[in-house]
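Have a look at the structure below, then the notes.
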């Protein structure tokens, strides 16, 4: 059985889905506390993962190649 991986983006997406559903009235009043707990747990994990994420490496200077115009000259 292959292990499944849930990314930080997946968790952030779940938080967004909960927010949208809440705004649209998808949850009954008695469900709100449970949904809120799940949302806060997911949000805390997203924030913890973002703090642990290494900074992106500095940009690398890539040499640019300029076209040699001598080949474009043709005699008619």
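Things worth noting here:
- When the range 7-33 is filtered for residues that are closer than 11 Å to residue 46 by Cβ and not in a helix (DSSP H, G or I), only 7 remains.
- All of (1) part of a helix (DSSP H, G or I); (2) under 18 Å from the mean Cα position of the chain (by Cα) hold for residue 4 with one exception: (1).
- Residue within the range 48-66 that is surrounded by 10 or more Cβ atoms within 10 Å (Cβ to Cβ), in contact with a helix residue (DSSP H, G or I) (Cβ under 6 Å, 6 or more places away or on another chain) and at pLDDT 70 or above present: yes
The values are calculated or read from the model by the stated rules, or taken from the named source; none is laboratory data. Given the structure is predicted, the values throughout are model-derived calculations rather than measurements. Note that we place each Cβ from the backbone using ideal geometry, even for glycine, and neighbour counts take in every protein chain shown.
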